[in-house]
Each structure stands twice: as structure tokens, then as C-alpha cells.
Ligand code: HEC
Ligand code: HEC
């Protein structure tokens, strides 16, 4: 891990093409989809016409308002959930094993449509998940992100951390229709790549468009007080092999819509796929479902072209074979 050796201002000026400071970038993350005020009226009109027109494309008809969190006993827990979401290493320390924030991958504090926002997630559970073959409650879904994306431990059901995150998500979702197909849920889909994603093309995109913030070695950058400013994309401080972002398809969709930060949708689809493949071709903490054999773990949990786990890249050892157990380190000092 290293500390930023360049002044923050130069990072921003060069990195975000003259964009201002980080807060300004974060706050400019506005939905990039059209918002309609009266979607129901439109649907009714379509239904009533003699020759039904094709269903209109789904539009974002809900976005959480900027209203203040209520100043009461419920609001206190909502506010705690928001704090955890933005800084889990501080407010949910016991359950976190890396330097990421929930908001590292669920942008704008879990509000941004197309960035797996918490309001859409909240109203989409209970739901069956093929990842664990049963119906998951929302609380159980939250546990999953601690175990995999945060490379930590699942807080027990009923734990104040889960109650706070659930309260925050529910508060964001208030007023939304109870519809798991609500527009804005999940990461905005990306079209299949024209060419098979390629490590070397991805590396070129990474060096040109990402390394300035996430560092050439993917370890991210810290502010002077040690807080992670630009999160790690691989290595010990990043998500583990079981995380959703370890799927090339998920990473490509996230990257296309959101990265470089503040310049979402400026990469071509192919570039997003290539750079996702590059990132997901690096070692990271072990999959907590590890079965004592990389090959067997791949067979059980990673049997898909979207996962590089257990694959050899550029003649190296199979990915995952150098990863230590969950929460451990890949190498002394985190160097690979
Ligand atoms: C490394 C990136 C990353 C981090 C960090 C992360 N998540 Fe996620 N999260 C994802 C991805 C990717 C998905 C979608 C996974 C999938 O579709 O399999 C997801 C999905 C979710 C969902 C379900 C969304 C839906 O619509 O079904 C919830 C809820 C969630 N995350 C909560 C959290 C919380 C709370 C934290 C912090 C404790 C967190 N996440 C941290 C990447 C991340
Ligand atoms: C201007 C700085 C900047 C640039 C350039 C940038 N990112 Fe990011 N990236 C961030 C920040 C900051 C976050 C976390 C978002 C937050 O905390 O609000 C992030 C989050 C991520 C995440 C999810 C969190 C994690 O650690 O896995 C991925 C993946 C990612 N970026 C990939 C990329 C890729 C690929 C590129 C190049 C195409 C890129 N980023 C360019 C600043 C940047």
C-alpha cells in the first residue's frame, strides 16, 4: 500500500479532466436516465388504445428525495445506517475485512439509479438467489455483501448494524412502488462484447483511464489521515473472490455506467469489458466458501466464463492459489 505522492488537487485536475474536488464529483452523480412524472397515466393510455402500442421503455419513475432524515428515534437508526454505508470500517468495524465502503460500489450513498441503489434493493426482497439456492430476506442479502464484497463477517441477524442498514434502505425506498423490476435496480446492463474481453487491451485502458486514482498496482490511494480515498481494485484491501464484482459481467456493467468517476459512459462497451477482465484477473482474498482446493472451488462456485478464479493468466499460478483464507493477506505486506 502506498500513500499518494502527488497533491490531491493535481489528481483531480488531471484525473477528472479539470473537474473540481471529490465532493463535487460525488454530488454530481445524477441519474443518467430520463425521469417521468406520470408513468402510470402513460401506461393507462396505452392500455386503453384500440391497437396497443409497444410498451414504453421503462423509465425511472422513482428517485429518493433529498429530504432530511427525521430527527426522532427511527431517524437516529436511519442516520446510523447511512454512516455505516459510507464508512463501514469505522462504524461496523467488527464485520469488515478490507478498505472498501458500501458506497464504493453503490454510488451516491446507495441512491444512484443503475448503481445497485438501496431503495430498489430494499423492495426486491425476499427473493430466491441462485448464489445460495434459497429465498433470501433483505437482511440476509446485506449479510452477503459483508462476507464477500467487504471480505468480512456477516453480522448476525438482528444485529444493530443490519437493523441500521435496513432502516436506511427502507427510508430511501419510502414512496417507491413495491416492484422488484423497478427501473434503476441493479447495475445498468451492458451489451455483450463484440470481441472476447482481452487482458492486454484492458491493461491499456486501465493505465490510461484508471491508474491515476486506483494506482498502477490496483491498491488504491489513501488520504493523509489514512482513510481510503480511491478504493483498491485488487489485492488485500479489495473485495474477495466470492464478491459480485468478481464477475466480469458485473464489473463491466458497473464500470461502464460509473467509471472513471464522474465520467460514466465515456468508455466504449468493449473497453469496459476489457478493463473489467483485467481487474478481475488479479489476485485478491480467498473465497470464503473455499473447499481446500482451487479446482474444486472453481467447479462449485465459479464455473462460468465470467470468473477468472482458478484460471492461469499470462502463464502465472492459477488465480486463487495464492490467496490466503478470508480476511487474511495474500503476501506479507500485501505485495503480490
Ligand atoms: C466491491 C463492490 C461492492 C461493495 C463494497 C458492496 N457491494 Fe453490495 N453489491 C455489489 C454488487 C456487484 C452487487 C450485485 C451482485 C449480484 O448481482 O450478484 C451488490 C448487491 C447488493 C445488494 C442487492 C441489490 C439488489 O438490487 O438486489 C445489496 C442490498 C447490497 N449490495 C448491499 C451492500 C452493503 C450494505 C454493502 C456494505 C456493507 C455493500 N453492498 C458493499 C458490490 C458491492
Ligand atoms: C477520478 C478518480 C477515479 C478514476 C479516474 C477512476 N475511479 Fe474507480 N472509483 C473512484 C472512487 C472514488 C470510487 C469509489 C466511489 C465512492 O467512494 O464514491 C471508485 C470505485 C471503483 C470501483 C468499485 C470499488 C472497488 O474498489 O472495487 C471499481 C471497480 C472502479 N472504481 C473501477 C474503475 C475503473 C475500471 C476505472 C477506469 C476506467 C476507474 N475506476 C477510474 C475513483 C476513480
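What follows is calculated from the coordinates using simple rules that are stated; it is not laboratory data. In this text the structure is predicted, and so the values were computed from the model without any measurement. Quick reminder, even Gly has a Cβ in these numbers, built from the backbone with ideal geometry, and neighbours come from all protein chains shown.
In which sequence would 179, 87, 66, 283 go, from the one with the fewest C-beta neighbours within 10 Å to the one with the most?
In increasing order of surrounding Cβ atoms, one gets 66, 179, 87, 283.
For 112, 181, what's the fewest-to-most ordering of other Cβ within 10 Å of each Cβ?
181, 112
What is the extension gain from residue 263 to residue 304, computed as 0.36 nm multiplied by their sequence separation minus the C-alpha to C-alpha distance, in nm to one decimal?
11.8 nm
Between residue 295 and residue 322, how many nm apart are label points set 7 Å from Cα along the C-beta direction?
2.1
Kindly state, to the nearest 0.05, the FRET efficiency for residue 208 paired with residue 72, given R0 = 35 Å and r defined as their beta-carbon distance.
In this case the efficiency is close to 0.10.
In terms of the Cα gyration tensor, with a ≥ b ≥ c the square roots of its eigenvalues, is the range 163-246 rounded because a/c is under 1.5, prolate because a/b exceeds b/c, or oblate?
The shape class here is oblate.
Label residue 137 and residue 224 with points 7 Å out from Cα along Cα→Cβ: what is the distance between them in nm?
Reported label-point gap for residue 137 and residue 224 is 4.6 nm.
Using square roots of five times the C-alpha gyration tensor eigenvalues, list the equivalent-ellipsoid semi-axes of the range 116-205 in whole Å, biggest first.
29, 18, 13
Under the classification rounded if a/c is under 1.5, otherwise prolate if a/b is larger than b/c and oblate if not, where does the range 204-336 fall, given a ≥ b ≥ c as square roots of the Cα gyration tensor eigenvalues?
oblate
Can you tell me how the range 73-173 classifies by the Cα gyration tensor, rounded, prolate or oblate, using a/c under 1.5 as the rounded cut?
Rounded, because the longest to shortest axis ratio a/c is under 1.5.
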